[in-house]
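Engineer: Questions regarding the structure given below will be posed in turn.
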Amino acid sequence: MNVKAKPFFFLSRSQNYSRYTTNLYQTRCLQSIALRREDKSHWERRVALTPDTISRLMKETGVKVYVQPCNKRIFNNNKFINAGAIVQEDISNADVILGIKEVPTKYLIPNKTYMFFSHTHKGQLYNMPMLQDILDKKIRLIDYELMTDAQKRRLVLFGTHAGYAGMIDGLHGLGRRLLGLGYNTPFMHIAMSHTYKSLDSAKSAVKDIGVTIADEGLPNDFSPMTFVFTGTGNVSNGVQDIFKCLPHEYVQVNDLKECAMASHKFSSYKVYGCQVHLHDYLIRTDTGKFDTKRDYYENPQYYKSLFHTKIAPYTSMLIHGSYWDSRFPRLITKEQLCEIQKNSNNRRLLCVADISCDIEGALEFLSHSTTIDDPYFYFDAVKNEEHKKDEGEGTQIMAVDILPTEIPLESSEHFSRSLYPFIKDLVNGTIDNNPVLSNATIAKDGRLVGAHTKLYELLPRNSRHNLSKIREMEITSSFVNKPVISNHESLIRNSNISI
């Protein structure tokens, strides 16, 4: 349909949008979309759609685009104006509103479609008030995290860029840790990733210190230096893309111990990488062997991890980027880390860059996420205490939970390219005929959709399930995951709730 035509779609703004949104999405084009201003973190500079993408979208669909003014975005207001967007504070005329992070309830506009990372579909308790407000305001919520193909692979994401930033920040932290232990190294010349103008300039800086390592070497007391990578997806790809800027060699898991223990056989003028897979450290408790990935995911209770004995003691820096939930055995527990620290004399497991950032998850000692302002803390498992001293005992932990915003230009461009075909379908009125958009819908018409109806149990303003009145909550298998478990302490502190 030509967007300039005037079918029955032009209705009074006082009419209830939820009564006709589904039918109209299937039969007509949208008039306008909007980019909202991010407000969750002062570091957030990413955008869901770049000016170039907006210009293309407007030319190909005729849609009107509103952009809330913002002076901290990676693209300034004039670039959006030059692309043809209308930059103004009021975006209430838009049919669809796009953002990156969660939207404060006071800014949620009734009867709209919103697209952002809502962090609600796993039952994250801290976002249930926002989800309740979305239902009350009859908002259609589409979550980027749920936009997947038929094989459940995510299609719109920042994972690779989280890997880039996480590895760069991890190397910066490694330089600080080694200096705290009394050793100056080339890693001191790598800055936090947000300080670089572009990803290319960050890679160039890493390559420069790689030259220094190749020429001057690393301290013999910590050589050979081993970097272990968990996960095989986009995050790990980004991590290893940065790692490969250094003079490097890969070793197999079975060779990792020899690499760490027989230093005379390995070089201090390069670094060593080790890609870890599930079969490298998981075994069934009944057979003593790893079966299949499918068996592990279906029956994780029958598996145990050998990571703490087979891999961690021979690792200089662990970069964790794999999926985990509470059904799975932990990668390293506090007790296991304690044994590793007792035996390593501050020579191994110097640093952990936890890009997955699962609080008290695969790495039990990750007690909290960190920030770009304050990215590191140390955990001394022997004393069971945390501290901030680079020269102190323990393992350095980095768990920044908004890593991609440290590389806002490239991450925004990548995300915008990935999102574009789905936004175009949405604008052209085929939202309910597009399985990716339809399956990513958590709420519409004041109701939770499909499998997400289980979230009713956690909504604070549902009189039948009001948390302030619940005497006992049964956490079913569908909710035994990181978001619920990580909030158990706050639930227990509420005297009206028992778990």
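The values are calculated or read from the model by the stated rules, or taken from the named source; none is laboratory data. What you are looking at is a predicted structure, and each value in this text was computed from that prediction instead of being measured. So basically every Cβ, Gly included, is an ideal-geometry build from the backbone, and we count neighbours across all protein chains shown. We work out accessible area using only protein heavy atoms, side chains counted, and drop any ligands, DNA or RNA first. Shrake-Rupley method; radii C 1.70, N 1.55, O 1.52, S 1.80 Å.
Engineer: Relative to the longest principal axis of the C-alpha atoms of the chain, give the angle of the C-alpha long axis of helix 51-61, reported between 0 and 90° and rounded to the nearest 10°.
Structural biologist: Result, in degrees: 40.
Engineer: Long-range amide H contacts for K64: which residues qualify at under 5 Å (H placed 1.01 Å from N, peptide plane, sequence gap of 5 or more or a different chain)?
Structural biologist: Residues meeting the criterion, in which the H sits 1.01 Å from N, are S32, I33.
Engineer: Give me the percent of the accessible area of region 69-169 that comes from carbon and sulfur atoms, probe 1.4 Å, all protein chains in place.
Structural biologist: 50 percent
Engineer: Could you name the lysines whose alpha carbon sits less than 18 Å from that of K244, not counting residues in the same chain fewer than 8 places away?
Structural biologist: Those lysines meeting the cut-off are K203, K207, K270.
Engineer: Return the Rg/Rh value of region 343-438, two decimal places, where both radii are evaluated on C-alpha atoms and Rh is the Kirkwood radius.
Structural biologist: Ratio of gyration radius to Kirkwood radius: 1.23.
Engineer: Here's something else I'd like to know. Determine the dipole magnitude for the chain: charges of +1 sit on the beta-carbon of Lys and Arg, -1 on that of Asp and Glu, nothing else is charged, the reference point is the Cα centre, and the result goes in debye to the nearest 20.
Structural biologist: Dipole about the Cα centre, nearest 20: 1800 debye.
Engineer: Tell me the carbon and sulfur percent of the accessible area for region 288-417, rounded to whole percent, probe radius 1.4 Å.
Structural biologist: Result for region 288-417: 44 percent of the exposed heavy-atom area is carbon or sulfur.
Engineer: Separation of region 244-275 and region 345-381 by C-alpha centroid, Å?
Structural biologist: After rounding, the separation between the Cα centres reads 23 Å.
Engineer: A follow-up question, please. Rank L455, H414, T61 by how far each Cα sits towards the positive end of the charge dipole of the chain (+1 on Lys, Arg Cβ; -1 on Asp, Glu Cβ) and give me just the farthest.
Structural biologist: It is T61, whose Cα lies furthest towards the positive end.
Engineer: What's the magnitude of the charge dipole for region 234-327 around its Cα centre, counting Lys and Arg as +1 and Asp and Glu as -1 at the beta-carbon? Answer in Debye, nearest 20.
Structural biologist: 140 debye
Engineer: Can you give me the angle between helix 408-427 and the longest principal axis of the chain, using Cα atoms only, in degrees from 0 to 90, rounded to the nearest 10?
Structural biologist: 30 degrees
Engineer: Give me a comma-separated list of calculated 3J(HN,Hα) values for region 98-108, in order, Karplus coefficients 6.51, -1.76, 1.60 applied at θ = phi - 60°, integers in Hz, x for any Gly or Pro.
Structural biologist: So the J values, rounded to whole Hz, are 10, x, 10, 9, 4, 9, x, 4, 5, 9, 6.
Engineer: Return one whole number: the accessible area per residue of the chain in Å², for a 1.4 Å probe.
Structural biologist: I get 44 Å² per residue for the chain.
Engineer: Taking all pairs of distinct Cα atoms, average 1/r, flip it, and tell me the Kirkwood hydrodynamic radius of region 159-406 in Å to one decimal place.
Structural biologist: 18.0 Å
Engineer: If packing is taken as the mean number of other Cβ atoms within 10 Å per residue, what is the order of 354-361, 36-43, highest first?
Structural biologist: 354-361, 36-43
Engineer: Binning at 5 angstrom from zero up to the longest distance, how are the C-alpha pair distances of region 181-305 distributed in percent?
Structural biologist: The calculated distribution, bin by bin, is 2, 10, 16, 17, 17, 14, 9, 7, 7, 2, 0.
Engineer: Using only the alpha-carbon atoms of region 43-89, report the extent along each of the three principal axes, biggest first, to the nearest angstrom.
Structural biologist: Largest first, region 43-89 extends 32, 18, 14 Å along its Cα principal axes.
Engineer: Treating each Cα of the chain as an identical point scatterer and ignoring solvent, apply the Debye formula and state log10 I(q)/I(0) at q = 0.11, 0.12 Å⁻¹.
Structural biologist: The Cα Debye sum returns log10 ratios of -1.00, -1.14.
Engineer: Here's something else I'd like to know. Taking the dipole about the Cα centre of the chain, with the C-beta of Lys and Arg at +1 and of Asp and Glu at -1, give me whichever of Q31, I142, G217 is farthest to the positive side.
Structural biologist: Q31
Engineer: Another one. Which value, in debye to the nearest 20, describes the size of the charge dipole of region 159-406 about its Cα centre when Lys and Arg Cβ atoms bear +1, Asp and Glu Cβ atoms bear -1, and nothing else is charged?
Structural biologist: So the dipole magnitude of region 159-406 works out to roughly 520 debye.
Engineer: Per residue of region 237-250, what does 6.51 cos²θ - 1.76 cosθ + 1.60 with θ = phi - 60° give for ³J(HN,Hα)? Whole Hz please, x for Gly and Pro, Karplus curve as stated.
Structural biologist: Using θ = phi - 60°, the values come out as 4, x, 4, 6, 5, 6, 4, 6, 6, 9, x, 9, 8, 9 Hz.
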